[in-house]
Amino acid sequence: MDDKKFFRFVWRFNAIVIMATGLLAIAVLAFAAIEIVKSTTRERQGINIVNVDDDSSSSQEWELGNLREVDGTTYLMVPLYSDQSYTQSYYSKSTRSTRNYLFLDSETGKSKWLFAKNDYLIASDSFISETNDRANNRVESKPVIAVLYNLIKQDTNGDGRLTNNDSITIAFTHPNGNEYQEVVSGVDRFLGYKVKHANSLLILYQRDGIAYSAKVSLDNFALSNETELPKVGQP
């Protein structure tokens, strides 16, 4: 009799353990399924992506960013961002991109926009100034000579968006945003720059799979001495 009670107790205990294990497994699977659904349907964020398709499901808002001081001048640069939201299949997506710059003179209060319209994507920008005196370990804030921009003006790969995968246009302005000048277009990649003198800049870029170097006058932004660089393995 005692043996029967013991085995009955063991059987009930095992049943409870099996049921608890099953419930725990169901709970874990349910939690995992919920997390997967949340992960696949949550809003995804991107940077430097401008949707140019005429899609009624997308919306766009504009916002000014934090100001930047143009070193050595009285000017400030204030970025204009676009925040686009649109739906793709089972998830929503939002993108934040720089579309324009407001140049503001902190002394006179006068201001001007870099572009009359906000049609382009400003992929990146750089303040150009004289190099620091590295030989004497003197790192000082140098006055800005010019501003360099990498722009995406057209959807060159036909994917309905302006992104870094499209062709780049390299452009310059003076520190106050005046004298806007495009120096090279159809660029695949911008490889960098080097200030040679107070009025001369060396830029490197790749176009149609070929790397080039060129000089840019920082007085009038004229391009000169464009030279094709040797390919790998060539002298």
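If you filter segment 135-153 down to residues that are modelled with pLDDT of 95 or more and of a type outside the set (A, V, I, L, M), you find that the one that is surrounded by the fewest Cβ atoms within 10 Å (Cβ to Cβ) is 153. Residues of segment 172-199 that are in contact with a Leu (Cβ under 7 Å, 6 or more places away or on another chain) and either more than 13 Å from residue 147 (Cα to Cα) or not hydroxyl-bearing (Ser, Thr, Tyr) (or both): 172, 177, 183, 184, 191, 192, 194, 195, 196, 199. If you go through segment 208-225 and keep only what is surrounded by 12 or more Cβ atoms within 10 Å (Cβ to Cβ), modelled with pLDDT under 95 and charged (D, E, K, R), you end up with just 219. Based on this model, can you work out whether residue 122 counts as at pLDDT below 95, among the hydrophobic types (A, V, I, L, M, F, W, C), crowded, with 16+ Cβ neighbours inside 10 Å and not in a loop (DSSP other than H, G, I, E, B)? Considered against the rule, which asks whether it is at pLDDT below 95, among the hydrophobic types (A, V, I, L, M, F, W, C), crowded, with 16+ Cβ neighbours inside 10 Å and not in a loop (DSSP other than H, G, I, E, B), residue 122 comes out as no. Pairs are defined by a Cβ separation below 6 Å, a sequence spacing of at least 6 or placement on different chains, a first member in segment 153-167 that is among the acidic types (Asp, Glu), and a second member that is outside any loop (DSSP other than H, G, I, E, B) and modelled with pLDDT of 95 or more; the pairs so defined are 166/152.
The one condition from (1) modelled with pLDDT of 95 or more; (2) surrounded by fewer than 19 Cβ atoms within 10 Å (Cβ to Cβ) that residue 165 does not meet is (1).
Residue check: is residue 150 under 19 Å from the mean Cα position of the chain (by Cα), under 28 Å from residue 51 (Cβ atoms) and part of a loop (DSSP other than H, G, I, E, B)? No; evaluated as a whole, the condition is false for this residue. Looking only at segment 164-197, which residues are part of a loop (DSSP other than H, G, I, E, B) and either more than 17 Å from the chain's Cα centre (by Cα) or hydroxyl-bearing (Ser, Thr, Tyr) (or both)? Hits for segment 164-197 are 167, 174, 175, 176, 177, 178, 179, 180.
The values are calculated or read from the model by the stated rules, or taken from the named source; none is laboratory data. All values reported here derive from a predicted model rather than from experimental measurement. Neighbour counts run over all protein chains shown; Cβ positions are idealised from the backbone, glycine included.
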